[in-house]
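Here's the structure, in structure tokens; my notes come after.
The values are calculated or read from the model by the stated rules, or taken from the named source; none is laboratory data. Bear in mind that the values here come from a model prediction, so they are computed numbers and not experimental data. Methodologically, a virtual Cβ is constructed for each residue, glycine included, from the backbone with ideal geometry; neighbour enumeration extends over all protein chains shown. Just the protein is used for accessible areas: all its heavy atoms, side chains included, with ligands, DNA and RNA removed. Shrake-Rupley method; radii C 1.70, N 1.55, O 1.52, S 1.80 Å.
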Amino acid sequence: MKKSMMIIYILATSLLLNECTLDIWPTAPTNKPTVPVRPFGPTEVLGLDYLLNVEPFYYPFATYATDPDNDKLVYQFSINNSIVPSIDTWSSYFSSGDTVALITSFQNFGDMAEIKARTKDLQGNISSWSEPLSVTIYKLWDEQWEGENELYSLYFIDGNNGWASGSLGTILKTTNGGNEWIYKECGENDDLYDIFFLDTNTGWTIGTHGTILKTTDSGTNWDIQNSGLYWYEASLLSIYFTDNNNGWIVGTGGIILNTTNGGINWNKQISGISEDLHST
């Protein structure tokens, strides 16, 4: 009788252990995580040459995926352009469905980049790469003109039409946002420190020896305006007009000039100081 009870007890214990084993150590999931959604973020960015001593611009890109077994996921991003491909290391673990962000900068290694992502679960199952996000990389500055003379001032009235002035009577004009610059003859050799336009036709430029020049045909022809100053009295540094008639000029030695008739006449205004004035 005792032996029979012992056998029943052992069998019952064995069944209980088997049941616990199934609950505590389930079979490992084998389902792959879903493919992450195409990364979302800015599609136009600024890239910096790594040789420039300038802080880079950082941009965020994000994605997410889910796991059929509700497993935790790690992510990996790939940034690829025409010259330098880069694959990021695996991230830390995130819950299924969480949004994951990559923050990165770009260098001037081409005009386009592609960003894509993939994910891996705790069991090592790796998804396919997502669809790529195309990103256009712009340089911080593109060299648009190179010449022997220095340039001192730049003025645009819109995204296409602009003018530049510089040393030895240099005047340049662009009608396509700076992709091409055309030299404009002004008939003077003075350094031109500032240039200002009211519209596509009417503008002024100023400089050393009290020089004031005006154009009414977009810079094709320039007419001298009398500043009322002796040639040695001041260099004119900055000019601004509020309309076709009213304008101001400032310069060295605290000089201020004002016109109420488009520059036909310029009148001195008392500033009360002798320091150079650089901006109107």
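Taking a 1.4 Å probe, which of Trp129, Trp222, Trp231 shows the most accessible area, and what order do the others take after it?
Values: Trp129 75, Trp222 25, Trp231 165 Å².
The ranking, largest first, comes out as Trp231, Trp129, Trp222.
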How high is the FRET efficiency between Tyr183 and Ile224 when r is their beta carbon distance and R₀ equals 30 Å, given to the nearest 0.05? 0.95
Return the distance in nm (one decimal) between the two label points of a simple spin-label model at Phe40 and Asn176, each offset 7 Å from Cα along Cα→Cβ. 3.7 nm
For region 166-176, what does the Karplus curve 6.51 cos²θ - 1.76 cosθ + 1.60, with θ = phi - 60°, yield as ³J(HN,Hα) per residue in whole Hz, taken in order and with x for Gly and Pro? x, 5, 6, x, 6, 9, 10, 9, 10, 10, 9
If I stretch the segment between Asn70 and Thr99 completely, what's the gain in nm (0.36 nm per residue apart, minus their alpha carbon distance), one decimal? 9.0 nm
Cα shape, region 169-280, gyration tensor, a/c 1.5 rule: prolate
So, over other residues within a Cβ distance under 15 Å of Lys116, counting Lys, Arg +1 and Asp, Glu -1, the net charge is 0
In a shell of Cβ-Cβ distance under 11 Å around Gly263, excluding Gly263 itself, what net charge do Lys and Arg (+1) and Asp and Glu (-1) give? 0
Average accessible surface area per residue within region 197-280, 1.4 Å rolling probe, Å²: 50 Å²
For every other residue with a beta carbon closer than 13 angstrom to the beta carbon of Tyr152, add +1 if it is Lys or Arg and -1 if Asp or Glu, then tell me the sum. -4
In whole Hz and in residue order, list the ³J(HN,Hα) couplings for region 228-244 that follow from phi through the Karplus curve 6.51 cos²θ - 1.76 cosθ + 1.60, θ = phi - 60°; x for Gly and Pro. x, 10, 5, 4, 8, 6, 6, 9, 9, 10, 8, 9, 7, 10, 8, 7, 5
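Sorted by packing (mean other beta-carbon atoms within 10 Å per residue), highest first, where do 97-105, 30-38 land?
Numbers: 97-105: 14.4, 30-38: 17.1.
Most protected by this proxy first, the peptides run 30-38, 97-105.
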Label-to-label distance, nm, for residues given as Asn80 and Leu198 (7 Å Cα→Cβ offset): 5.7 nm
